[in-house]
Number of protein chains: 2
Amino acid sequence: MKLKYMLEEKSGWLTGEGPSLEVVISSRIRLARNLSEYLFPNKSQEDQQKQVFKLITEAVKKSNYFKNAAILRLNDLEKVDRQLLMERHLVSFEHARGKGERGIIIGDKEIISIMINEEDHLRIQALQPGFQLSEVWDFITRIDDELSKYLDYAFSEEWGYLTSCPTNTGTGIRASVLIHLPGLVITGEINKVLEALSKLGLAARGLYGEGTRVMGDFFQISNQVTLCQTEENIIDNIERVVKQIIGYELKAREMLKKDTMEENYDRVYRAYGILKNARTISFVEAMELLSKVRLGVDIGIDLGVDIGILNELMIFTQPAHLQESSGKILDPHERDILRAKFIREKLS
Amino acid sequence: MKLKYMLEEKSGWLTGEGPSLEVVISSRIRLARNLSEYLFPNKSQEDQQKQVFKLITEAVKKSNYFKNAAILRLNDLEKVDRQLLMERHLVSFEHARGKGERGIIIGDKEIISIMINEEDHLRIQALQPGFQLSEVWDFITRIDDELSKYLDYAFSEEWGYLTSCPTNTGTGIRASVLIHLPGLVITGEINKVLEALSKLGLAARGLYGEGTRVMGDFFQISNQVTLCQTEENIIDNIERVVKQIIGYELKAREMLKKDTMEENYDRVYRAYGILKNARTISFVEAMELLSKVRLGVDIGIDLGVDIGILNELMIFTQPAHLQESSGKILDPHERDILRAKFIREKLS
């Protein structure tokens, strides 16, 4: 357990401050990049992967954006540490469990990070609280430009950036927001929204991205298409759609407020009462309840809990976080008990 | 709403003090008696019923056991008042909704009461907290003896006391305990116990007696047979069986304590958390949750709540009690809101 120190510091995107934070938890952009002259990670041997690892870390060390960055070899880490990185949204599920010479570079406050030798040689990620994709884009594009000075990116005039999977080729961009839609879920409007999204070329996924389940009414909305569009167009499109969804969500919450005041309050207070009192609780249930409490805070119910605490609970009650904090591997039953205790303490 | 004053004073059996109170809420005996020379209530005309009413109330006024007793004509009461009496376990469902000249006499602290012209001319009832059927018998038999001096009971040397329904003929006695069996319910042992009961000539019913549902793991256990046995034998039998059930229940609670400490605590604290926070709650759900909290208090979890408060909540959160306290007829939705508020205030 080498990453316990990561529990000491909150991720920058957990601050509980940012535009439209009552609906959008965070905005993220990742860029897929590869080095020319090197096979894609899933086709290359370990010595090639090691060379790629070395080239990227050398470039990063020259960068102004990665001062004091942590550079970690995933093979040096225990499973629980790799899971912690995943829970922190710094590495993907596949990267955490993969093989070969994989790495992760983590910049200040986890705002910027790079997965090395995931599906592509580089997956550069920038993350900010609230709804601010344009700002994240301005930031990550500067980093990308700087790194391109030190790294020879695989780029084709015809296709754009070349990537391991063709769905990423072109801009190599995936822009996403983590969005909280309890109003649309409760009023039953969510399915209409999800259908419309897919028609607009956007995907809605679970908490940890592709292939993961939706918990606590938190959705990741991201672009599907990366080709034949500029990055600005892609971001404009998702920003426009998310702005609409925010509008629908706020309307749904307004409806909830008016229609059945007590039932609305009841839902929030019961969730709060259980979280404050439970002695054992699964992560999924905790997320469902935190979602309701979050909705309560957002619609102005005074529980004396701020959004920052709720964000922290979402992250720190995950299995690897609990295990790092206790300094030992716990079975699911023990984790459920520790999770309940942690939540009680944070809410009291 | 004439009975609002009854909210001011707790029933004597709600004190939260009594033998084996961690399992047995209350012990009750009722005697069915009829006046000779008068038709049973369901066969008689109103003028006869009125004469019976008069004879009984005159007898009661001479009695030492009914000083300051309230004598009420059910036809003088609104529906909500009659329901209040039922919720207080002073009249039966049938008596509250019946026709004709019906009455209820309520002695000091509701320990002793008489229904007039229910199924029989008199249904004398005595009620005490905890497990003390013998004491209740000693008490009620003195009252019965005294009343028999002033009233000409219908009695046959061959059959004993004559009653409207043959199942009550003989002793006319029904002895019952209101017993809380969450341990047996949680461990799944309850069905075995209920089967055994019926073989032993005992019945297990819901909270309001015959034909009512079991809520919150509260059962009324009573004798079925009234004929060919002395009252003492009947009471001995039920006491013996209930003593065994108490033993099983305590064993089940002991098991719960040992096996899964956190889950056990979890169940109790979650119930407590919901009761302390809900904004709307049905009576059935409140009973289920109060049952869990009660179990918690009984097994020594310190919630700062005493059994007296829990007893009070069981009674005062019933629909008619809520309506009397608010001074108006409420629809179910309004009652659920008021109930939640009442519970929050009592537990805080």
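For the reader, a short list of remarks on this structure follows.
- Residues that are out of contact with any Leu (no Cβ under 9 Å at 6 or more places or on another chain) and either away from chain A (no Cβ under 14 Å) or touching a residue at least 12 places away in the same chain (Cβ under 8 Å) (or both) are absent from the stretch B:213-224.
- B:Arg267 fulfils the conditions (1) within 21 Å of the chain's Cα centre (by Cα); (2) within 11 Å of chain A (Cβ to nearest Cβ) except for a single criterion, (1).
- Hits in the stretch B:158-169 - residues which are surrounded by fewer than 17 Cβ atoms within 10 Å (Cβ to Cβ) and either at pLDDT 95 or above or over 19 Å from B:Asn233 (Cβ atoms) (or both): B:Cys165, B:Pro166
- Scoring A:Lys341 on the criteria (1) open to solvent by less than 20 Å² (accessible area, probe 1.4 Å); (2) closer than 18 Å to A:Ile274 by Cα; (3) within 14 Å of chain B (Cβ to nearest Cβ) leaves a single failure, condition (1).
- Qualifying residue in the stretch A:17-37 (condition: over 24 Å from A:Ile235 (Cα atoms), touching a helix residue (DSSP H, G or I) at 6+ places or on another chain (Cβ under 6 Å) and part of a loop (DSSP other than H, G, I, E, B)): no
- Residue within the stretch A:31-38 that is open to solvent by less than 20 Å² (accessible area, probe 1.4 Å), in the same structural domain as A:Val225 (by TED's automatic domain parsing) and closer than 28 Å to A:Gly308 by Cβ present: no
- Restricting the stretch B:119-133 to residues that are under 30 Å from B:Ser44 (Cα atoms) and over 12 Å from the mean Cα position of the chain (by Cα), the residue that is surrounded by the fewest Cβ atoms within 10 Å (Cβ to Cβ): B:Glu119
- Each residue in the stretch B:317-338 was checked for being small (Gly, Ala, Ser) and without any contact (Cβ under 8 Å) to a residue 40 or more places away in the chain, and 1 of them qualify.
- So B:Glu9, is it in a loop (DSSP other than H, G, I, E, B) and farther than 17 Å from B:Ile315 by Cβ: no
- Boolean, B:Leu85 is touching a residue at least 24 places away in the same chain (Cβ under 8 Å), closer than 15 Å to B:Leu3 by Cβ, among the hydrophobic types (A, V, I, L, M, F, W, C) and surrounded by fewer than 22 Cβ atoms within 10 Å (Cβ to Cβ): no
- In the stretch A:90-206, counting only strands (runs of 3 or more DSSP E) that sit wholly within it, the ones holding 1 or more residues that are closer than 17 Å to A:Val241 by Cα and among the basic types (Lys, Arg) span A:173-180, A:202-205.
- With respect to the conditions (1) without any contact (Cβ under 8 Å) to a residue 60 or more places away in the chain; (2) open to solvent by 30 Å² or more (accessible area, probe 1.4 Å), B:Ser44 lacks only one, and its number is (2).
- Per the listing A:Lys251, A:Lys257, A:Lys292, A:Lys328, the residue uniquely open to solvent by 70 Å² or more (accessible area, probe 1.4 Å), away from every other protein chain (no Cβ under 13 Å) and under 27 Å from A:Gln132 (Cα atoms) is A:Lys251.
- Check on A:Ile235, more than 11 Å from every other protein chain (Cβ to nearest Cβ), within 24 Å of the chain's Cα centre (by Cα) and under 30 Å from A:Thr171 (Cβ atoms): yes
- When A:Ile274, A:Ile281, A:Ile246 are checked against the criterion of being modelled with pLDDT of 95 or more, touching a Ser or Thr at 6+ places or on another chain (Cβ under 9 Å), open to solvent by 10 Å² or more (accessible area, probe 1.4 Å) and of a type in the set (Val, Ile, Thr), A:Ile246 stands alone in meeting it.
The values are calculated or read from the model by the stated rules, or taken from the named source; none is laboratory data. Keep in mind it's a predicted model, so treat the numbers as computed, not measured. Cβ coordinates were reconstructed from backbone atoms using ideal geometry, including for glycine residues, and neighbour counts include every protein chain displayed. Side chains are part of the model used for accessible areas, which takes the heavy atoms of the whole protein and leaves out ligands, DNA and RNA. Shrake-Rupley method; radii C 1.70, N 1.55, O 1.52, S 1.80 Å.
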